[in-house]
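Data first, discussion second: the structure below is written as structure tokens.
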Amino acid sequence: MALTPTLTGQPEYCLTCHADLPEISPSHPVETFGCVKCHGGERLALDADLAHSTMRGGQNPSDFSVVEASCGGSDCHSGSAGQDRDHIHRVMTSVQATYAGAIAGVRYAFGAQPDQTARLGIFAIDDAQVTTSTGLTSLAAFDPATETAPPVIAFAQNCLNCHLAADPLPGADYARFTGCAACHTPTAGMDFQPNAPTIHRLTTAIPYTQCNTCHNRGNYSLRDMQFHPRTDLYGRSIERPDDRLQDYYQPIGQFTKCEWELDCVDCHTRGEAMGDGDIHSHKLEIQYVQCRTCHGTLAESPLTRTIADPNDVALRLAFLNPVLDLKVGDTIMVTEKGEALWNVRQRPGGRFEMVGKATGARYTVPLVKGSACTQKLDQQESRYCHECHAVQR
Amino acid sequence: MPSNADMPNGDRLSRRDFLSLTTRGLLSLSGLLGLGGLIRFLSYRPDPAPPAQFDLGLAANYPPGSRTELADARALLIHTPNGFVAYSTICPHLGCRVQPADDGFKCPCHGSRFDRQGAVLNGPAARPLRILRVEEQADGHLILHTD
């Protein structure tokens, strides 16, 4: 079965065997992209071994080793920052990919470097355009063979399973791809064995379970430099609605139990999750959304922006994940950095409504201003809010 | 069974002849296989390029004011008061097929929108929809050129 994708204009025969694969996403229709544009391979071959012999990244063309060839291009995912099309650069420089924060923290803790400023990443990377005060211009590759401190060596051996270039730990709870697909291909709960039937899907509606494949399955202990799986999860807990409360994000035990009905991406912006294009030394340099971002304070309402430009990135994001019909003229919340919280829109009457990006569930966002809240204006960290606002209280 | 020593000289196949015959046979076989491959290679015909012009039939089939989607040609033919106009329905961003919308066209892949004249209303497309040449022949047929 021959297909001539509009984008390449070159016939390919992949669908002879793969006609049953579902479309990977509405943004990548097969009649436009075909298969070879993203996956590589020998487009005219009808022998499986030959056809697959030059595929990029095996089942996963978004692996960082091949992502530029697979997903890059100025009209695709390595365009300019001004057009919000620098996805590959952003994710490659993000702390999730470089693991620079963890590496710097451990090396600093055990005397291998004098401060916590990152010098090393999982791979070497440069950033020619630093835009933030904490941004770094480059990282060298972390090479455990050059380390002398035993804990740092143990860290390298036991604790490098969560960055986006790493293969995950074995087991369904950790099942994810590498590269872009680590987050954008929902794999949580799959029996993720090598050569097993795979999943052909990309989405921006990322459920919390996908984040959990790294963020909530246990903790790395600095005492023994080992990963310790959570022991409070019973059996295979993911994908069970009644488990959501128990299964929700538990960063080193500080579980908020406040916004547990939401998904991580409902609050955390694309800049936080996928990087802002700069190389950072610590996640706190990039993670900044707080309770007040959406709820405001006693003195201030949350920041908003009325969409006037039909090219506003908020409209593009809402188009890709159409859980709400966002339009020019709508007022949405924005963060202090100006990032669009495109799923939180002001409705007639003034109330704000959040729509779950992965669930489509609708919530009215309560505002602190004008409420009976007794917060102190200089106490805006979540721990203060959770003194009252937690599921137990 | 007679041994080689018992066989008359005229019937004996010497080792030299046997090896020579075998070598020639193998060379002939490989030559034939190679020739077969060469013939197959030379007779390969790639898939024909997609057509660059389409006979749309009689112009009278497209009344004034009509907007006709031409799926094969990936085009939209419009009969305006000034004559026939055709727009490519291939999005200039990445090549998805745009769809008619109330205010013009929209791309279902990445959300680009175009007005009724094909101009960009919003990206990511940076260029307008391509206007295609429509030729009305003496016999009344419309020919759409997509190249």
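The values are calculated or read from the model by the stated rules, or taken from the named source; none is laboratory data. Keep in mind the model is a prediction, meaning the values are calculated, not measured. Here the Cβ positions follow ideal geometry from the backbone for every residue, glycine too, while neighbour counts run over all protein chains shown.
Which of the residues spanning the stretch A:1-35 are part of a helix (DSSP H, G or I) and either within 21 Å of B:Arg74 (Cα to Cα) or charged (D, E, K, R) (or both)?
Matches in the stretch A:1-35: A:Val30, A:Glu31, A:Thr32, A:Phe33.
Give the stretch A:306-339 a look and list any residue that's closer than 24 Å to A:Gly370 by Cα, crowded, with 17+ Cβ neighbours inside 10 Å and either among the β-branched types (Val, Ile, Thr) or touching an Asp or Glu at 6+ places or on another chain (Cβ under 9 Å) (or both), or say none.
Residues satisfying the conditions are A:Ile332, A:Val334, A:Thr335.
Give the stretch A:1-17 a look and list any residue that's free of Cβ contacts under 8 Å to residues at least 24 places away in the same chain and aliphatic (A, V, I, L, M), or say none.
Those that are free of Cβ contacts under 8 Å to residues at least 24 places away in the same chain and aliphatic (A, V, I, L, M): A:Met1, A:Ala2, A:Leu15.
A:Ile279 passes all but one of (1) modelled with pLDDT of 95 or more; (2) more than 18 Å from A:Val91 (Cα to Cα); which number fails?
(2)
Need a quick list: strands (runs of 3 or more DSSP E) entirely within the stretch B:54-147 having at least 3 residues that are of a type in the set (A, V, I, L, M) and either within 14 Å of chain A (Cβ to nearest Cβ) or in contact (Cβ under 8 Å) with a residue 40 or more places away in the chain (or both).
Values: elements: B:67-70, B:75-80, B:83-88, B:99-101, B:104-106, B:113-115, B:120-122, B:131-136, B:141-145.
Of the strands (runs of 3 or more DSSP E) lying wholly inside the stretch B:54-147, those with at least 3 residues that are of a type in the set (A, V, I, L, M) and either within 14 Å of chain A (Cβ to nearest Cβ) or in contact (Cβ under 8 Å) with a residue 40 or more places away in the chain (or both) span B:131-136, B:141-145.
I'm checking my understanding of the structure. Among residues of the stretch A:310-345 that are of a type in the set (Asp, Glu) and farther than 14 Å from A:Cys267 by Cα, which one is farthest from the other protein chains (Cβ to nearest Cβ)?
Once the filter is applied, the top-ranked residue is A:Asp330.
Yes or no: A:Ser70 under 24 Å from the mean Cα position of the chain (by Cα) and within 14 Å of another protein chain (Cβ to nearest Cβ)?
For A:Ser70, the condition - under 24 Å from the mean Cα position of the chain (by Cα) and within 14 Å of another protein chain (Cβ to nearest Cβ) - is not met.
How many residues, within the stretch A:318-339, are within 21 Å of A:Pro207 (Cα to Cα) and touching a residue at least 60 places away in the same chain (Cβ under 8 Å)?
Number of matching residues: 4.
Going by the structure shown, is A:Asp232 at pLDDT 85 or above, loosely packed, with under 14 Cβ neighbours inside 10 Å and either over 27 Å from A:Ser27 (Cα atoms) or under 21 Å from the mean Cα position of the chain (by Cα) (or both)?
In short, no.
Restricting attention to the stretch A:57-64, does a residue exist that is without any contact (Cβ under 8 Å) to a residue 40 or more places away in the chain and either small (Gly, Ala, Ser) or surrounded by fewer than 20 Cβ atoms within 10 Å (Cβ to Cβ) (or both)?
The answer is yes; a qualifying residue exists.
Among strands (runs of 3 or more DSSP E) lying entirely in the stretch A:329-375, which contain 2 or more residues that are farther than 15 Å from A:Glu300 by Cα, modelled with pLDDT of 95 or more and β-branched (Val, Ile, Thr)?
So the answer is A:331-334.
So if I check each of B:Leu77, B:Leu56, B:Leu13, which one is surrounded by 10 or more Cβ atoms within 10 Å (Cβ to Cβ), at pLDDT below 90 and closer than 19 Å to B:Gly140 by Cβ?
Details: B:Leu77 fails: at pLDDT below 90; B:Leu13 fails: closer than 19 Å to B:Gly140 by Cβ.
On inspection, the qualifying residue turns out to be B:Leu56.
Can A:Ser133 be described as of a type in the set (S, T, N, Q), surrounded by fewer than 17 Cβ atoms within 10 Å (Cβ to Cβ) and closer than 21 Å to A:Glu339 by Cα?
Details: of a type in the set (S, T, N, Q): yes; surrounded by fewer than 17 Cβ atoms within 10 Å (Cβ to Cβ): yes; closer than 21 Å to A:Glu339 by Cα: yes.
Criteria met by A:Ser133.
Scan the stretch A:296-309 for residues that are without any contact (Cβ under 8 Å) to a residue 60 or more places away in the chain and either within 12 Å of chain B (Cβ to nearest Cβ) or in a loop (DSSP other than H, G, I, E, B) (or both) and jot them down.
Within the stretch A:296-309, A:Leu303, A:Ile307, A:Ala308, A:Asp309 meet the criteria.
Given the conditions (1) under 30 Å from A:Arg223 (Cβ atoms); (2) over 19 Å from the mean Cα position of the chain (by Cα); (3) surrounded by fewer than 19 Cβ atoms within 10 Å (Cβ to Cβ), report the number of the one that A:Phe123 does not fulfil.
Only one criterion in (1) under 30 Å from A:Arg223 (Cβ atoms); (2) over 19 Å from the mean Cα position of the chain (by Cα); (3) surrounded by fewer than 19 Cβ atoms within 10 Å (Cβ to Cβ) is unmet by A:Phe123, namely (2).
Among the small types (Gly, Ala, Ser), surrounded by 14 or more Cβ atoms within 10 Å (Cβ to Cβ) and within 21 Å of the chain's Cα centre (by Cα) - does that describe any residue in the stretch A:140-160?
Within the stretch A:140-160, not a single residue is among the small types (Gly, Ala, Ser), surrounded by 14 or more Cβ atoms within 10 Å (Cβ to Cβ) and within 21 Å of the chain's Cα centre (by Cα).
Counting only residues that are farther than 16 Å from A:Gly275 by Cβ and hydroxyl-bearing (Ser, Thr, Tyr), give me the helices (runs of 4 or more DSSP H) lying completely in the stretch A:66-178 with at least 1 of them. Even if it seems obvious, please write down each step before you answer.
Values: elements: A:67-71, A:87-93, A:95-98, A:100-109, A:150-158.
The qualifying helices (runs of 4 or more DSSP H) are A:67-71, A:100-109.
Just wondering, is there one or more residues in the stretch A:71-90 that are at positive phi, of a type outside the set (D, E, K, R) and not assigned by TED's automatic domain parsing to the domain that holds A:Leu164?
Scanning the stretch A:71-90 turns up at least one residue that is at positive phi, of a type outside the set (D, E, K, R) and not assigned by TED's automatic domain parsing to the domain that holds A:Leu164.
For the stretch A:210-217, indicate whether the set of residues that are farther than 25 Å from A:Cys71 by Cβ, within 18 Å of the chain's Cα centre (by Cα), assigned by TED's automatic domain parsing to the domain that holds A:Ser94 and at pLDDT below 85 is non-empty. Lay out the reasoning, then the answer.
Start the filter on the stretch A:210-217 by keeping residues that are farther than 25 Å from A:Cys71 by Cβ, which leaves A:216-217.
From what's left, within 18 Å of the chain's Cα centre (by Cα): A:216-217.
Going one step further and asking which of them are assigned by TED's automatic domain parsing to the domain that holds A:Ser94, we end up with A:216-217.
Filter once more, so that each one left must be at pLDDT below 85: A:216-217.
So far as the stretch A:210-217 goes, yes, one or more of its residues are farther than 25 Å from A:Cys71 by Cβ, within 18 Å of the chain's Cα centre (by Cα), assigned by TED's automatic domain parsing to the domain that holds A:Ser94 and at pLDDT below 85.
Could you tell me whether any residue of the stretch A:73-88 is more than 22 Å from A:Asn321 (Cα to Cα) and of a type in the set (Val, Ile, Thr)?
no
Any residue at all in the stretch B:39-46 that is more than 28 Å from A:Thr6 (Cα to Cα), out of contact with any strand residue (DSSP E or B) (no Cβ under 9 Å at 6 or more places or on another chain) and among the basic types (Lys, Arg)?
yes
Residues in the stretch A:24-37: is at least one within 23 Å of the chain's Cα centre (by Cα), away from chain B (no Cβ under 14 Å) and either among the aliphatic types (A, V, I, L, M) or under 29 Å from A:Leu317 (Cα atoms) (or both)?
No: the stretch A:24-37 contains no residue that is within 23 Å of the chain's Cα centre (by Cα), away from chain B (no Cβ under 14 Å) and either among the aliphatic types (A, V, I, L, M) or under 29 Å from A:Leu317 (Cα atoms) (or both).
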